[in-house]
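Below is one structure, written out as structure tokens; the observations come after it.
The values are calculated or read from the model by the stated rules, or taken from the named source; none is laboratory data. The structure displayed is predicted, hence computed values, not measured ones. Don't worry about glycine lacking a Cβ; one is built from the backbone with ideal geometry, like all the others, and counts go over all protein chains shown.
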Amino acid sequence: MDFDLSGYLETEPLAKSKPLFPLFEAIANSIHAVEDTDKKDKQIHIHLKRDKNQYDIDKNLLRGTNHIIGFVITDNGIGFTEGNYKSFNTSYSTYKQSRGGKGIGRLSWLQAFNETIITSTYFENDQWNCRKFEFSAAHKGVGKPNFNKTDKKSEETIVHLNGFKAQYMESASCPHKAETIAWKILEHCLFTFIRHSTIRMTLTDDDESVSISLNDLYTQKVTPFAVEETISIKNHQFKIQHLRLYSGDSNQQHSYHLCANNRDVSQVKLSNKIPSLIRKLVDEKGEAFYYKCYIEGNYLDERANSQRTSFTFPRDGELALNGDITKSDLINELLVSTKNHLGTHLDKLFDKITQKAERLVGEKYPEYRSILKEFNTCVDEFSQDVSDEQLVTKMNQLHFDKDMDSRQQAQKLLEKAEKGEYDKVYQEQYNHYVETIDDTSIVNLAKYVIHRKAILNLLEKRLESDTSGKYVKEEAIHEIVFPLRSNSDETEFHKCNLWIIDEKLAFHSYLSSDRPNSDLSGVPTDKKEPDIMVINHPSAFSDSETSPLNSIVIVEFKKPDRSSYGKQGESKNPIDQVQGYVGQILNNKELNVRGRPILINDNTPFYC
């Protein structure tokens, strides 16, 4: 079966967010090559090729910033022997399957680079050989193969990745400084440094005169803080490496690195899981670092895709077969481990958020004081930059959840009581319910008291005269007690402040506030309707147990400090006005509310 290389490159593009992936693949091949030798001195060298056309400008200004146009990877490994060369020419080769090789990693070179030139010197069949060939889309794979014996007596393979394509070279994910690239390689090949202390890896740069030793970076900055542990999820074992990276790279972040076959395959941004981890952490000496956690295990090896760029996990909610683990299962267990490992550092961040919440409650929202203990259990949901609005929203949610929980508990207690089950379990549930309802009631009462205080302050302000000695109109007072031109069927309860007049007015059958006669027949036909009229069915309102069962309340507002009144209209004496309303209602003997008649008699009490 022929392999359509062009079709593969068109249908399987390399993500722009992974511009260094082809370099990592080349380095991985070099790692495998040196692992296959018995040499004690195993070496891999990476060189960055820059655009020399920019060298006419001051080099000091462009140090480490000239465009990278290619990479050269050199190793002293086993080389392109017949077996390795045959595998290279075979798509989806199983030659490196035991190492996690999928047989197509080198195809990423063609996705990000115009061409690859390979020269390899190696020893095979009792002689030294030199193999050279090109690898490109133009050749539809391998081209210009050349094989000769050589007088050179040392293994060396050189891979030139030439013509870095613009979409990858200019990608925001592509670093340009040699130090940053060195750190990226170190991160990606971290397990190589953990397991193979004999492999020496260095990096040089056209723009730099120094050589960066990745081994020294690892020894000085990673090893002293490495902590290893093993976790088990559904009988699958995972090895975890907790690390600190003191990289100066501003693009770094706290992250999980899910690895397969000794490769860094997928990263999880930790600030999405623990929002407080949006900045570097600071160690005991005041030095800043990023937390990295590398995870490996057979389960991940089996779940890596062919390019080793992602994993295939069962979706959340799918039926788990044979102990399958979802990505959420894995991440949740890792979070437990991370919180234990970073305990002291996270506690400092969480304390700052807790203190901010406590100050907010103390200064503005005292009604949530009893909720603070619940808030402390979810403080890890917030970043260090959490806003007041976010904190209040969370506290309100906690209060709501607690209220709903208490209602559910009450329902369970009622069901037990109806069955006569007053046992020990009932008593325990009852005690828990009382404790919960007390906290909820405290919050509700505090909120209500604060609300009333604010309303009374507003009313007091409106009763005062302005700087010119004038007072507000009666409508300004009216709307504080009840919205204008509305009725109790249309108005939300929290907008009603009838308690300013009388607490009992909250318990009524119907209320009309400055409404036209069209929705309430039987009211006075005066051009000016009552400001507020409250109608009460039996038991809906009464001032004592012996009061009449039906009643009507009429409220009339007047401008503050009004002392003189006319005989008609809005200037009419309010006492005369309400007496006129009462007389007209008594003459009608019947009101009609929502289509239902309400009979009025001479004994119906009116409160005005």
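Quick notes on this structure:
- Test set (1) in contact with a Cys (Cβ under 9 Å, 6 or more places away or on another chain); (2) buried (at least 20 other Cβ atoms within 10 Å of the Cβ); (3) under 22 Å from Lys18 (Cβ atoms) - Phe191 fails condition number: (2)
- Residue list for the range 20-55, restricted to those being within 19 Å of Asn162 (Cβ to Cβ) and part of a helix (DSSP H, G or I): Phe21, Pro22, Leu23, Phe24, Glu25, Ala26, Ile27, Asn29, Ser30, Lys52, Asn53, Gln54
- Residue that is nearest to the chain's Cα centre (by Cα), among those in the range 331-348 that are hydroxyl-bearing (Ser, Thr, Tyr) and crowded, with 16+ Cβ neighbours inside 10 Å: Thr338
- Test: residue in the range 554-565 that is within 57 Å of the chain's Cα centre (by Cα), within 14 Å of Asn536 (Cβ to Cβ), modelled with pLDDT of 70 or more and not aromatic (Phe, Trp, Tyr): yes
- Flag if Asn162 is in a strand (DSSP E or B) and either surrounded by 14 or more Cβ atoms within 10 Å (Cβ to Cβ) or outside the structural domain of Ser17 (by TED's automatic domain parsing) (or both): yes
- Qualifying residue in the range 132-146 (condition: touching a helix residue (DSSP H, G or I) at 6+ places or on another chain (Cβ under 6 Å), farther than 26 Å from Ala15 by Cα and not in a helix (DSSP H, G or I)): no
- Which listed residue is surrounded by fewer than 19 Cβ atoms within 10 Å (Cβ to Cβ) and modelled with pLDDT of 85 or more, from Arg303, Arg369, Arg359, Arg315: Arg359
- Selection count, the range 203-246, where residues are crowded, with 19+ Cβ neighbours inside 10 Å and either free of Cβ contacts under 8 Å to residues at least 12 places away in the same chain or in contact with an Asp or Glu (Cβ under 6 Å, 6 or more places away or on another chain) (or both): 2
- Condition check for Ser154: under 19 Å from Thr74 (Cβ atoms), assigned to a loop (DSSP other than H, G, I, E, B), assigned by TED's automatic domain parsing to the domain that holds Glu208 and modelled with pLDDT of 90 or more: yes
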